[in-house]
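The values are calculated or read from the model by the stated rules, or taken from the named source; none is laboratory data. Everything quoted here is computed from the prediction, not taken from an experiment. Here the Cβ positions follow ideal geometry from the backbone for every residue, glycine too, while neighbour counts run over all protein chains shown. The area values use the complete protein model at the heavy-atom level, side chains included, leaving out ligands, DNA and RNA. Shrake-Rupley method; radii C 1.70, N 1.55, O 1.52, S 1.80 Å.
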Amino acid sequence: MKVNQDVFDVMSTMRAMRGLKPDKIPEEVIRKILEAGTWAPNGQNLQPYRFIVVNDTEKKKFFGSHYAEAMRIRFSKNMPDATDNSANARNIRVAMKFGDKVHDAPTLIVVCGLRDWPFSIPEDQRVGLAPPSYASVYPCIQNILIACRAQGIGASLTTMHQVFEQDLCKCLSIPQSYGIVAVIPIGYPSGKFGPVGRRDASELTYYDTWTE
Ligand SMILES: Cc1cc2nc3c(=O)[nH]c(=O)nc-3n(C[C@H](O)[C@H](O)[C@H](O)COP(=O)(O)O)c2cc1C
C-alpha cells in the first residue's frame, strides 16, 4: 500500500479496512496518528477527547466478544440472502465476519468524549448523564482515520460498543464524565481495497435552495 499520498488520494481510498494482520504497530506510528487526531477542529478548542490505546489481549477479547454478540443481535434479522452479491450485502457479510476476529487486531483505539449536553436541550430538561460531545470528537476521529490511511495502516470506525458501553467503560476504567464515541481497530491491512463507492456530490448538492 502506498504511503504519504496526496490528501485527496488518501480520502478517496480510505475504506473501512477490516482485514488486519496481527503484526504490532510501532508505538511512534500510533503516537503520530493520535497527534493528527488532536489537530482537528473542536468547539472552543476545549479538546474534549481522550484516547485509550488497547494492546492487552484480554481487554481486546472482552471488546471482541461483546462486539460480535452485538453485531449478531443487530443483523441476524436482516442478514442478506447468500445469493445477494450487492455491495450492501457484501459489506454486511464482511462486517459480521469482522466481529468474530476483531480481537486479533493488534490495537484498538478507543476514542472517548467528555459528556456534554447539546445547547438545544434546556438545562431543566437535562436528566442523567450527558452524551459524549460527538460534534467535537468526530473531526478528531476522521483525522485519525486519514492519518492511518496515509501511513498504510488499515482502520475502521466502529460504534457497536454503544450496546455494551457501560461494561466497556468499566473494563477500561473510564470515568463517568466521559463516554466512548468510537472504537477503531487498527493494523496493517491484509487483502486488497479499492476506492470508496459513494454517490456523486453533484447528486447531493443544491445551490441557494433545496431543489427536488
Ligand atoms: C458513525 C459510523 C459508525 C460505524 N459503525 C461501524 C461498526 O460498528 N462496525 C463496522 O464494521 N463498520 C462501521 N462503520 C463503517 C461503515 O460501515 C462504512 O464506512 C460504510 O459501510 C462504507 O464502507 P467503506 O467506508 O469501506 O466505503 C461505521 C461508520 C460510521 C460513519
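For the reader, a short list of remarks on this structure follows.
- Radius of gyration over Kirkwood radius for the stretch 33-107, both on Cα atoms: the Rg/Rh ratio is 1.12.
- Converting phi to 3J(HN,Hα) with the Karplus coefficients 6.51, -1.76 and 1.60 and the offset θ = phi - 60°, the stretch 190-204 yields 10, x, 10, 10, x, x, 5, x, 9, 5, 5, 4, 5, 6, 10 Hz in sequence order, with x at every glycine or proline.
- DSSP-assigned coil residues among chymotrypsin sites (Phe, Trp or Tyr not before Pro) in the stretch 24-103, each with at most 13 further Cβ atoms within 10 Å: W39
- Heavy atoms of D100: accessible area, 1.4 Å probe, square angstrom to 10: 90 Å²
- Over the Cα atoms of the chain, the radius of gyration divided by the Kirkwood radius equals 0.98; this is the Rg/Rh ratio.
- Sequence-distant contacts, meaning Cα pairs under 8 Å at least 6 residues apart, place the relative contact order of the chain at 37 percent.
- Amide H to amide H distances under 5 Å link S190 with G19, L20, K21, where only residues 5 or more positions off or on other chains count and H is placed in the peptide plane.
- Karplus 3J(HN,Hα) series, Hz, for the stretch 112-128 with 6.51 cos²θ - 1.76 cosθ + 1.60 (x for Gly, Pro): 9, x, 4, 6, 8, 5, x, 4, 5, 9, x, 3, 6, 9, 8, 10, x
- Built amide H within the under 5 Å cut-off of V181, gap 5+: V111, C112, G113
- Among M79, M17, M160, the largest mean-square fluctuation in a Gaussian network model of the chain (Cα springs under 10 Å) belongs to M79.
- Between W39 and A135, the C-beta separation translates, for a Förster distance of 22 Å, into a calculated FRET efficiency of about 0.85.
- Cβ-derived FRET efficiency at R0 22 Å, D9 paired with S190, nearest 0.05: 0.55
- Hydrodynamic radius of the stretch 110-170 per Kirkwood, over alpha carbon pairs, in Å: 13.7 Å
- For T13, nonlocal amide neighbours, meaning residues 5 or more places apart or on other chains whose placed amide H falls under 5 Å from its own, are V196.
- Residue-span extension gain [R72 to D104] - 0.36 nm each, minus C-alpha spacing: 9.7 nm
- Cα gyration tensor category, rounded, prolate or oblate, for the stretch 1-68 with a/c compared to 1.5: oblate
- Whole-Hz couplings from phi, Karplus 6.51/-1.76/1.60, listed for the stretch 99-104; x for Gly and Pro: x, 7, 10, 4, 5, 7
- Modelled FRET efficiency - R0 30 Å, N85 with W210, Cβ distances, 0.05 increments: 0.30
- Global geometry of the stretch 102-212, whether rounded, prolate or oblate, following the gyration tensor of its Cα atoms and the 1.5 cut on a/c: oblate
- Accessible surface ranking that places the most exposed of T205, T57 first, with a 1.4 angstrom probe: T57, T205
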